[in-house]
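Data first, discussion second: the structure below is written as structure tokens.
Throughout, read-outs are computed from the coordinates displayed, never taken from laboratory work. From a predicted model like this one, the values you see are computed outputs, not experimental measurements. When we count neighbours, we look across all protein chains shown, and the Cβ atoms used for this are built from the backbone with ideal geometry, even at glycine.
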Amino acid sequence: MVNTVTLNPAVDKVLYLGKLEKNVTSRVQDTAETIGGKGTHVSINLKILGENSKAFGISHGKIGQKIIDMLRKFDVDVHFTHKDNFDSRTNYLLVEENGDCTVVAEKGVQISDADFQDMLLNMKNEIQNNDYLVLSGDASNYSDSTVYNKILTELKDKNLKVFLDTSGDSLKKCIKESPFLIKPNLDELSSLCGRTLTCNDDDILSAIDSLEPYNMEIIAVSLGSAGSIIKTPDGIYKATPPKVNVVNTIGCGDCFLSGLIFGISKNMTTTYMIQLATAASAATAESSMSVGFELSRALELIPLVTVSKIR
């Protein structure tokens, strides 16, 4: 069973504009609401792919209840720790006609130690031995940047396969726990290596090599429209996505991670797993929402994804 954790969930309010200009009033042409938070996105995407998961997290107030209700509409098994005080955050996604997207994100409710312990107890009771655990997204609303390390310490006896997708100090500290998979983008990989990287293959391969002491089986470096470079146990691969009509890039990385998790859970070949993950991400880019995609469209795009073994 896959288990996802979202410490700072949100409602994503999408505002569709013609063009966003500085110091000019922008007229909203349309609006939509969807769910925000990387872990919740993984749970929803996995459900679309046909894989169940348990979603853990901490939600607050009426907005937090709305987040739970949204997850349940996607038929996700929700195990959030819900508190009536305060309100979970709202993110504002300003989507322009050309596909550019600007995100204005609220900070979110600061998690108390008591609430964190309640969530941990819930996870200990629900998560089974040898499960998958996805630690994904912003953890800045908890005072300790080792929050993901704490979760892994509490669950260390369960022999979990850990998938990590975060940034900053949380990423730097949690790789010391040797997660099974990490999914850094170029900026995050640069931060891990202590130097500015380019999309050059040799540059990225050198950075991947520098992480060898952390004993992570898969390092999936997402490069946006340039695709990805993925280190796996049987080699390093480069994926080039198909050309699609990009409407919105928010959530594409979460969908890419979801595809990798799904492929691993189904024992797919490395090449097909990467093709599926890349195709699902491309299908997400064609959607105006921050989560969700058309499965039939993702399946159409799979043959158009180029995957080559580069080492």
Kindly provide log₁₀ I(q)/I(0) values, in the same order as q = 0.06, 0.07, 0.11, 0.13 Å⁻¹, from the Debye equation applied to equal alpha-carbon scatterers of the chain. -0.18, -0.25, -0.65, -0.93
For the stretch 116-204, listing trypsin sites (Lys or Arg not before Pro) in a DSSP loop whose Cβ sees at most 16 other Cβ atoms within 10 Å gives Arg195
Tell me whether the stretch 1-51 comes out rounded, prolate or oblate; compute the Cα gyration tensor, take square roots of the eigenvalues as a ≥ b ≥ c, and use a/c under 1.5 as the rounded threshold. prolate
Considering Cα pairs under 8 angstrom that are at least six residues apart, work out the relative contact order of the chain and quote it in whole percent. 16
Using a simple spin-label model with points 7 Å from Cα along the Cα→Cβ vector, what separation in nm is obtained for Lys124 and Val246? 4.5
Which shape class, rounded, prolate or oblate, goes with the stretch 214-311 when its Cα gyration tensor gives a ≥ b ≥ c as root eigenvalues, a/c under 1.5 marks rounded, and past that a/b bigger than b/c marks prolate? prolate
Tensor-based shape of the stretch 179-269 (alpha-carbon gyration tensor, a/c under 1.5 rounded, otherwise prolate or oblate): oblate
Pulled fully out, how much extra length does the chain show between Ser225 and Asp30, if you take 0.36 nm times their separation in residues and subtract their Cα-Cα distance? 67.6 nm
From the phi angles alone, apply the Karplus equation (6.51, -1.76, 1.60; θ = phi - 60°) to the stretch 303-311 and give each ³J(HN,Hα) in whole Hz, x where the residue is Gly or Pro. x, 8, 8, 8, 10, 10, 8, 9, 6
Treating only Lys and Arg (+1) and Asp and Glu (-1) as charged, each at its beta carbon, one finds that the chain has a dipole about its Cα centre, in Debye to the nearest 20, of 180
Using amide H atoms built 1.01 Å from N in the peptide plane, name the residues 5+ places from Val2, or on other chains, whose amide H lies under 5 Å from its own. Lys54, Tyr132
Once you place label points 7 Å from the Cα toward the Cβ at Arg297 and Lys22, how far apart are they in nm? 3.3
Provide the packing ranking of 226-238, 253-265, 102-114, i.e. peptides ordered by the mean count of other C-beta atoms within 10 Å per residue, highest first. 253-265, 226-238, 102-114
Mean separation of Cα contacts under 8 Å (6+ apart) over length of the stretch 67-213, as relative contact order %: 15
What residues have an amide H closer than 5 Å to that of Gly36, excluding those fewer than 5 places away on the same chain, when H is modeled at 1.01 Å from N in the peptide plane? Ala10, Val11, Asp12
